[in-house]
Amino acid sequence: MNERLIYTVQEVASILHSSPNYIYDLINAGYLPAIKLGSLRVLKTSLERFLIQNEGKDLSDLNNVKKIVTTIEVEVKHGRS
């Protein structure tokens, strides 16, 4: 049994197809909890919780997090079909 319970920042970046700097930004902004064991590590459960809690959000700008709006939602909101 080799189930991972904890990931490095680099591993989280790889999992999320992102950069390590962006993962550090998520941690520093309080979006992604981490633990310091020599270097910062992220629990598997914290990563899973982060993904579930932030599904449907645009986290491109951590100072201005928004709901993702699709073209379909815009058309429905404005009465277009």
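The values are calculated or read from the model by the stated rules, or taken from the named source; none is laboratory data. Source: prediction; values computed, not measured. Positions of Cβ are generated from backbone atoms using ideal geometry, with glycine treated the same way; all protein chains shown enter the neighbour counts.
Looking only at residues that are among the hydroxyl-bearing types (Ser, Thr, Tyr), free of Cβ contacts under 8 Å to residues at least 40 places away in the same chain and not in a helix (DSSP H, G or I) in segment 1-27, which one is nearest to Leu43 (Cα to Cα)?
Among those residues, the one meeting the criterion is Thr8.
Test Arg41 against the stated conditions and say whether it is in contact with a strand residue (DSSP E or B) (Cβ under 6 Å, 6 or more places away or on another chain) and either at pLDDT 95 or above or part of a helix (DSSP H, G or I) (or both).
In short, yes.
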